[in-house]
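K.L.:
Quick one: structure below, then a few questions.
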Amino acid sequence: MFKITTTAAQQVLSASKRGGTEGLSLRLAAHQKLDGSIDYRMGFDDATEEDIRISSEGIEIIVAPECVTLLIEATMDFVEIEPGQFHFIFLNPKDANYSPPDEG
């Protein structure tokens, strides 16, 4: 099932407070491109009846049914890409460009 790291969860909560969107769920969307890579979108939103609901690290996540299969094994993290530059990333073995992180 989809997971969010503790670091990413903290950042999501902080973003919802800054943006005045507390109480809304985090909506995730995933779409596979022609090259097999996956494009991810996210924002705060209200759930609809059709949405799949996931809870991870205290974050309520909603996903449209058509996106679920692309997100099942994924993990969302918040990492420092370059000094001082932090970004959300998705680690997803279903993405053609996925390479597992070094455990060292």
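Bear in mind that the values in this text are calculations on the coordinates, not laboratory data. Fair warning: this is a prediction, and the values are worked out from it, not measured in the lab. All Cβ positions, even for glycine, are placed from backbone atoms using ideal geometry, and neighbour counts span all protein chains on display.
K.L.:
Using 7 Å Cα-to-Cβ label points, what is the VAL79/SER99 separation (nm, one decimal)?
P.N.:
Those two pseudo-labels are separated by 1.1 nm.
K.L.:
If you don't mind, there's one more thing I want to ask. Taking only Cα atoms and a 10 Å spring cutoff, compute GNM fluctuations for the chain and point out the largest among ASP45, ASP35, ASP77.
P.N.:
ASP35
K.L.:
Give the residues of region 1-24 whose amide nitrogen is closer than 13 Å to a point set 7 Å from the Cα of ALA47 in the direction of its Cβ.
P.N.:
It comes to 24, nothing else.
K.L.:
Given the -39500 (n - 2.57) contribution per DSSP H run of 4+ residues, what per-residue ellipticity at 222 nm results for the chain, rounded to the nearest 500 deg cm²/dmol?
P.N.:
Per the formula, -5000 deg cm²/dmol.
K.L.:
What share of all Cα pairs of the chain, in percent, falls into each consecutive 10 Å distance bin?
P.N.:
14, 46, 33, 7, 0
K.L.:
Only bridges whose two residues both fall in the chain count here: according to DSSP, what percent of them are antiparallel, nearest 5?
P.N.:
Approximately 80 percent, going by the DSSP bridge assignments.
K.L.:
Under a point spin-label approximation (7 Å from Cα along Cα-to-Cβ), what is the GLN32-ILE72 distance to one decimal in nm?
P.N.:
1.2
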